[in-house]
Structures are given as structure tokens and as C-alpha cells.
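A.B. asks: Encoded as C-alpha cells, here's the structure I'll be asking about.
The values are calculated or read from the model by the stated rules, or taken from the named source; none is laboratory data. Given the structure is predicted, the values throughout are model-derived calculations rather than measurements. Here the Cβ is made from the backbone with ideal geometry for all residues, glycine too, and neighbour counts use every protein chain on show.
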Amino acid sequence: MNDCANEECGDGCLPGDAQSTKPKLITVDRWGAITSATCAVHCLVFALLPGLISALGLGLFFTPALEWTLLVLALFMASLALFMGWRRHASVGVVVTFCLGGIALLLGRVFEEMGVEGYALPVGVLGAMLLISGHILNARRTRQARS
């Protein structure tokens with residue numbers, strides 16, 4: 001059975017074709033970019049407004065456990081998107097962008113755990129921005145590979 005959106009399209013696409021996975025991949029890239037952006041906003045808000053966070057009683061949303069969870073989720077989404085996209089476009093640039101983003105995001109979190117002041121925030125935000133860029137690039141390369 002054909003996985004195309006239009007099963008009667010008659011264009012001969014198969015379940016592994018770019019047409020059948022394009023909507024899934026674009027959705028993964030969108031959610032991955034949203035997850036990475038959430039990480040970046042979370043880091044910035046926590047670093048720039050700690051007094052306000054405490055005053056509003058929002059400390060629950062700024063725990064190490066939540067930060068590690070966001071990091072793992074962002075890395076999982078990036079890995080999934082990369083796996084799905086690589087089969088279509090084999091772009092080394094996408095791989096490098098995702099890898100650099102993941103390493104920077106992880107380093108930022110480790111720096112924070114170690115108490116390395118002044119490096120955790122910029123490195124973590126840089127990592128999140130690279131992951132967002134990786135998702136955008138992955139989606140673009142996938143579209144280009146389809147044409």
C-alpha cells in the first residue's frame with residue numbers, strides 16, 4: 001500500500017520516497033525548532049530575570065531536572081530530524097550544524113552544573129540557535145532534494 005497523501009495519485013511513489021515522509025519530516029523539524037527555541041528562551045529568562053522568577057513563584061519551571069529534560073528532548077528531536085532528512089539530502093552541512101548545536105547546548109548545561117560563570121548562558125543559547133538553524137536547514141535541504 002502506498003503512503004502518499006493521495007493514494008490514487010498514480011505517480012508511482014513508494015513508502016520510502018521523499019513524498020511520503022515529507023510532511024512527517026517537516027513536522028519533526030518544526031517541533032524540533034520549537035523545542036530548541038524553548039531551551040534558548042528558558043536560559044535567557046532564567047539568567048536575566050531570576051528575581052522576578054522567584055517573586056512570581058515560578059521557580060518550579062527552572063529546576064535542573066527540567067533543564068536536563070529540555071536538553072534531552074531537543075537532542076532527541078534533532079537526532080530524529082537528522083536521521084529522517086539525511087536519507088533524502090545527505091547534506092554534511094546539516095550534520096555539522098546539528099552536531100555543533102548539540103555539543104554547545106550540552107556544554108552550556110554542563111558549564112551551568114559546574115558553576116562556570118559567564119560561559120553557560122552564551123554557549124547554551126548558541127547551541128539552541130544552532131539546533132534551530134539545523135532544523136531550518138534540514139527542512140530546506142529536504143525540499144530541495146524533492147525537486
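A.B. asks: Looking for whichever is surrounded by 14 or more Cβ atoms within 10 Å (Cβ to Cβ), of a type outside the set (D, E, K, R) and more than 16 Å from Ile136 (Cβ to Cβ) here; the options are Leu58, Leu48, Leu44, Leu100. Which one fits?
C.D. replies: Leu44
A.B. asks: Separate question: Looking at Gly85 and the list (1) surrounded by 15 or more Cβ atoms within 10 Å (Cβ to Cβ); (2) out of contact with any Asp or Glu (no Cβ under 8 Å at 6 or more places or on another chain); (3) of a type in the set (Gly, Ala, Ser), which single condition is not satisfied?
C.D. replies: (2)
A.B. asks: Which of the residues that make up the stretch 90-117 are of a type in the set (Val, Ile, Thr), at pLDDT 95 or above and either under 18 Å from Gly32 (Cβ atoms) or not in a helix (DSSP H, G or I) (or both)?
C.D. replies: Val94, Val95, Val96, Thr97, Ile103
A.B. asks: Let me ask something else about it. Would you point out which residue out of Glu112, Glu117 is touching a residue at least 40 places away in the same chain (Cβ under 8 Å), of a type in the set (D, E, K, R) and out of contact with any Cys (no Cβ under 8 Å at 6 or more places or on another chain)?
C.D. replies: Only one candidate passes the filter, namely Glu112.
A.B. asks: Any chance you could count how many residues in the stretch 105-127 are farther than 19 Å from Val45 by Cβ and either of a type outside the set (A, V, I, L, M) or buried (at least 17 other Cβ atoms within 10 Å of the Cβ) (or both)?
C.D. replies: Of the residues in the stretch 105-127, 3 are farther than 19 Å from Val45 by Cβ and either of a type outside the set (A, V, I, L, M) or buried (at least 17 other Cβ atoms within 10 Å of the Cβ) (or both).
A.B. asks: If you don't mind, another one. Given Gly134, Gly51, which one is in a helix (DSSP H, G or I) and touching a residue at least 24 places away in the same chain (Cβ under 8 Å)?
C.D. replies: Testing whether each residue is in a helix (DSSP H, G or I) and touching a residue at least 24 places away in the same chain (Cβ under 8 Å) leaves just Gly134.
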